[in-house]
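Just below is one structure, and these are the notes that go with it.
The values are calculated or read from the model by the stated rules, or taken from the named source; none is laboratory data. Everything quoted here is computed from the prediction, not taken from an experiment. Note that we place each Cβ from the backbone using ideal geometry, even for glycine, and neighbour counts take in every protein chain shown. For accessibility, only protein heavy atoms count, side chains too; no ligands or nucleic acids. Shrake-Rupley method; radii C 1.70, N 1.55, O 1.52, S 1.80 Å.
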Amino acid sequence: MSVDSVITAPQAQSLEAQKIVAQFPEGFVSESVFRGDTRIMVERAYIVDVCRLMRDDPDLQFNFFGECLGVDYLDKFDDHRFEVVYNLSSVVYEKNGKKFGTGRRIFLKVGVPEDDATVPSVVSVYPGASFPEREIFDMFGVRFQGHPDLRRILMSDDWVGHPQRKDYPLGGERVRFPDGKFGPSVGEVAVSHPGESYYGKTGDTQGEHYSRSRTPTPDKGPGTEQPPPAAPGEKAQG
Amino acid sequence: MAIDSGRLDELNTAATLAQGVHIDALDDQTMVVNMGPQHPSTHGVLRVVLELDGEIIARATPHIGYVHTGIEKTIEYNTYMKAVTLTDRMDYVSAHINNASYTLAVEKLLGIEPPPRGQYLRIMLMEIQRIASHLVWLGTHCLDIGAMTIFFYAFQQREKLLDMTEMMAGVRMMPSWIVPGGLRGDAPEGWLERGKDFCDDFPRAMEEIESLLNANPIWRERTQGVGMIDIEDCLALGVGGPTLRAAGVEHDIRTAVPYSSYDQMKFHVPVGQYSDVYDRYRVRMAEMFQSREIIKQCIEGMPSGPINVDDRKIVPPPREELDNSMEAVIHHFKLWTEGFHPPVGEAYVPLESPKGEIGFYVVSDGTNRPYRAHMRPPSFMNLQALSKMAEGRLIADVVAIIGSIDIILGEIDR
């Protein structure tokens, strides 16, 4: 989350935030500005109402649904793990002599806790949210209530887990050899490269806290071979 | 044939699992037909499940994900500089524009902007790529509808543009030439002249193609009045680019929210009227001529000077300096191993890609790797309109409609 400036309810500055505060005072959480972009955090129970306000208010007219995306922050925030970001813009056009749109762009955000990973679906307001919401469900496991067809979209239907979560390891799939045995996954044998530490600073232990401790150990099948411990400095074989 | 309800439940469970379709009990007239994922007209591996009433389409459900490669996940494990190479592979026929969309988002995080020459070269590369992408669309779209000759004429012109990219970057399709801070290198000798030659020859070649299509009765029958969609549906579905402009909306990110130096370029935004497949064809053809205008303006007004920002923490030093400056060696080493650390924040810059609005949403946590990088995929959003456009049309029209929204599966699946 941006740190440039976080503004709370009484000082809501942007037009969009003022409208939200006026209509849904409990729905507004905070507003932040970073490099000229306004991001408004709203309560997730109000997201459908806020989106409808954004679309229908004559001063706002956010008619173009850009997209929505998920971000996994793990335990960075106390009250939520995931964030869903809605990217709305207002396209200026003319139809039958009437002008529509303002040309503004707004980012709405909702926080989603891990133990109750559900968000009301905005498909009823913006039909274009259908595919992006399915993608967020597929990649992060956030369920969208009221979505007409919430299925996996990019991964196969029988896939287990949600790959874009930060605790889902890269290369987490174990390699199956022709004799039926399983070799280690890339993540299990990866050795960090000297001079190119994962978190940018050499000796930074925050990285351990972020990924390793939360990586679920894959359950070992009967034919599993444990990888030999890699010698320090030896280049790991994927 | 009537089906009893117990049997129908069983069928529906199987059908939902296998195809994501639901069989309606009251209407035993509809038939489910599978199209793809290996169908040549689907531009890659797109599978469409068609529910048919006779030969009329009741519903078209796209199924995607066959070439999902987890690029967004992989970006999180690479430094900002290395991640540029992954963006080429998303929309593989407009690589420069993908590079630029990622690069501009990272530059917004860093708060930098390259000097004028860098910006002009970027615009030129992006417009070259736009024409090349539209030519691929033109060739394959006509091939789908049955006009095979156009494919060869279009790819002949595209070859010239790919040669220009090769001259600059050494590769034809995956250049990764636009990087945070500027470009990887300046234009080689004779490159701008090549561009000028192309601009001179291009209108004649396009006239040849248009003369084969514009008045062709078969082409008009297949495209006019097909796949219509109104403005409000387009906007609410997130459909942008030529498909939206063909509906009559004069919306182009290059003029609405100018990035790089597009505000210094003079061009106009072609719009359609009827929002059908034929209008999308006309809009894209007109856009290619506008791109040619922009390339000409770039060549004429090309500023001299540096192409990269003057910051050794972001842009590596030139090769000559490495031989006699220890500091340059240190900068070079640090940049290519550790990279740079943008401040904590989130950035999104919209760009106009050949398919619609493109942009990377990059989240930085202050380290040398993007915490999250998500591309707004224009084809992915445009594909949602397929069902709306195809409802009530014939199967043969689906082929024309898929071609007209110009989808690239590499970008849809990422």
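Taken along the Cα-to-beta-carbon direction at a fixed 7 Å, the label points for B:THR337 and B:THR69 span 2.9 nm.
Taking label positions 7 Å along the Cα-Cβ direction at both B:ASN34 and A:LYS99, the computed distance is 5.3 nm, reported to one decimal.
For segment B:199-274, the C-alpha radius of gyration sits at 1.37 times the compact-globule guess of 2.2 N^0.38 Å, with N the residue count.
What the Cβ-Cβ distance of A:ARG176 and B:THR149 gives, at R0 = 56 Å and to the nearest 0.05, is a FRET efficiency of 0.70.
If the segment from B:HIS268 to B:GLU189 were pulled out straight at 0.36 nm per residue, it would be longer than the present Cα-Cα gap by 25.4 nm. On chain B, 54 percent of the accessible area sits on carbon and sulfur atoms, based on a 1.4 Å probe. Largest mean-square fluctuation among B:ILE64, B:ILE295, B:ILE131, in a Gaussian network model of chain B whose springs join Cα atoms under 10 Å apart, belongs to B:ILE64. Extending 7 Å from the Cα toward the beta-carbon at both B:GLU208 and A:ASP167 defines two label points whose distance is 6.2 nm. Neighbours of A:VAL110, meaning other residues whose beta-carbon lies under 11 angstrom from its beta-carbon, give a summed charge of 0 when Lys and Arg score +1 and Asp and Glu score -1.
Largest first, the extents of the alpha carbon coordinates of chain B on the three principal axes equal 85, 50, 32 Å. The slack in the chain from B:VAL329 to B:VAL171, taken as 0.36 nm per residue of separation less the alpha-carbon distance, amounts to 54.2 nm.
Using only the Cα atoms, what convex hull volume per residue in Å³ does segment A:4-145 have? Roughly 111 Å³ of hull volume per residue. With 30 Å as the limit, the listed pairs A:LYS95/B:LYS108; A:LYS95/B:LYS160; B:LYS73/B:LYS313; B:LYS82/B:LYS355 have A:LYS95/B:LYS108; A:LYS95/B:LYS160 beyond it between alpha carbons. Given a cut-off of 25 Å, what percent of all Cα-Cα pairs of segment B:273-414 lie beyond it? Result for the distance tail: 56 percent. Surface burial for A against B, with a 1.4 Å probe and both sides summed, reaches about 4900 Å² of accessible area.
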